[in-house]
Amino acid sequence: MLRTGGTTKIKGMTTFEQFLQEHPAYSETSALDAIRASDYSRLDAQDQVYLDYTGGGLHAASQVREHAQMLSDQVLGNPHSVSPSSMEMTRRVEQARAAVLAYFNATGAYTAIFTPNASGALKLVGESYPFAPGARLLMTADNHNSVNGLREFARSKGAQVSYAPLTRPELRIDTPAMDALLAQADPTQSNLMAFPAQSNFSGVKHPLELIAAARAKGWQVLLDAAAFVPTNRLDLSAVSPDFVVLSFYKMFGYPTGVGCLLVRNDALAALRRPWFAGGTVNFATVQGRMHVLSKGEAGFEDGTLNYLSIPAVEIGLRHLQRLGMQTVQTRVHCLTEWLMKRLLALQHGNGRPMVRLYGPATMVMRGATLTFNLYDPNGHLVDYRRVEELAGEAGISLRTGCFCNPGAGEAAEDLTEEDMHAGIAAVGEQINLQRFVQAMQARNGKAAGAMRVSTGLASNFADVQRFLTFLAGFRDQTSMTIGTVSFDIESCRVLRDGG
């Protein structure tokens, strides 16, 4: 055997052959290679490696062509009217809505509300949920900031806000702590528990069984499915959260600007909107100072929908169904496990590990997202912004920062409440992520950010192997040899790191 790049290579066997030997199920996903050649050929034509599927999916060329053909062929007007163009547009919007409900096995039990994105869906819940003194909002520490923002609605109405902690180093929900917090609900009050089906930080898949357990103890449940549904099936006839939020661009890349809130019909009746807008009322009067909110989804879809884009949602769902979610899941599982094992095996010449992985080191209950930091031969943290810059020069797209999930990042690096307050005090009112990173490095050498790679439906073995080759180039390099970030942080808006 030969040692190459911190991994063992069987003599006479190519790296790909070794990969197939370890992951024979990958051969069953060859249909995705044909789809990549036809629908995602721009990746190879431009010699690019895309490893940011948790940030956003890639659209298929056929999706865009089909949508463009529809727009070219049809006369489509603003809904909310009975003209021919409006009625045809209304028909297509409702057809897409029905397709969404059918895809998630939610027809009849749930209402689908179109929103600008998952964040817009969360805002609808936050502003409309009947929080009150005595009510509770319980969130996991592992949540996107758009979920964390619910606490401001809860606080403003006098509800109590709690966080369930994570275990280290796997960053899973602390089950005993969660059970204790769930037991504190007053069943006569409105109590909401929110958690992600899959972490956008660590890739951990949190147990969906938590939904039924929470509901049995007097909680309604909000499930953030944005990072989960691109590579997993969510069957709402099998699990029944009260609210589900998602963004379609995460699933299939196109269109952007359309998300969805799926609401159990019995939960929808309890929501109370704090305002009204065009399109949400059956009647409104200035002189009479009153309004009548529309029933169902119409009362929550503010103003004019992104109506020309919504039919593209149905096209995207059909695209996923043609590919087969099980096929996609098998492929990303194989690629992620191969990549993870070899990241953990990377070493400097002195034997020190190059990579620190955040979250599980196995594929048990984890998805296709890997978050980590690089360290030099002396054990010093390598600036992830510099790695991102060099990756860009190599044609590799990845993501760095805190991924709008501060709780998981704080747990990963064991950043305490004392650390957070000290860092905030050190920086002052001009605080941003990069200044906080510098404060933590000066205080205790802890990281406050990382780099993230994620595979998706158009990924292949060549992508992950090229990334591994890129990372191997950092072996035995220090900050002096790697250099510093050359781009302007503020002008590049690096600190606005999305999900």
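The values are calculated or read from the model by the stated rules, or taken from the named source; none is laboratory data. Note that this is a predicted model, so its numbers are computed, not measured. Virtual Cβ from ideal backbone geometry, glycine too; neighbours counted across all protein chains shown.
Residues are listed down the side, and each one gets a yes or a no for (1) on the phi < 0 side of the Ramachandran plot; (2) in the same structural domain as residue 140 (by TED's automatic domain parsing); (3) small (Gly, Ala, Ser):
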| residue | (1), (2), (3) |
| --- | --- |
| 316 | yes, yes, yes |
| 331 | yes, no, no |
| 343 | yes, no, no |
| 361 | yes, no, yes |
| 372 | yes, no, no |
| 393 | yes, no, no |
| 414 | no, no, no |
Might you let me know whether the range 415-425 holds any residue that is at pLDDT below 80, surrounded by fewer than 21 Cβ atoms within 10 Å (Cβ to Cβ) and farther than 24 Å from residue 167 by Cα? yes
Against the definition (of a type in the set (Gly, Ala, Ser) and part of a loop (DSSP other than H, G, I, E, B)), how does residue 361 come out, yes or no? yes
Any helices (runs of 4 or more DSSP H) falling wholly within the range 28-77 and containing at least 2 residues that are more than 18 Å from residue 457 (Cβ to Cβ): 61-73
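If you check residue 81 against the conditions, is it free of Cβ contacts under 8 Å to residues at least 40 places away in the same chain and over 20 Å from residue 255 (Cβ atoms)?
Yes.
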Which of the numbered conditions does residue 89 fail, given that it passes all the others? Conditions: (1) loosely packed, with under 15 Cβ neighbours inside 10 Å; (2) assigned by TED's automatic domain parsing to the domain that holds residue 203; (3) modelled with pLDDT of 95 or more. (1)
For residue 136, which of the numbered conditions (1) buried (at least 22 other Cβ atoms within 10 Å of the Cβ); (2) under 19 Å from the mean Cα position of the chain (by Cα); (3) among the basic types (Lys, Arg) fails to hold? (2)
Residue 247 fails exactly one of (1) free of Cβ contacts under 8 Å to residues at least 24 places away in the same chain; (2) in contact with a strand residue (DSSP E or B) (Cβ under 7 Å, 6 or more places away or on another chain), namely (1)
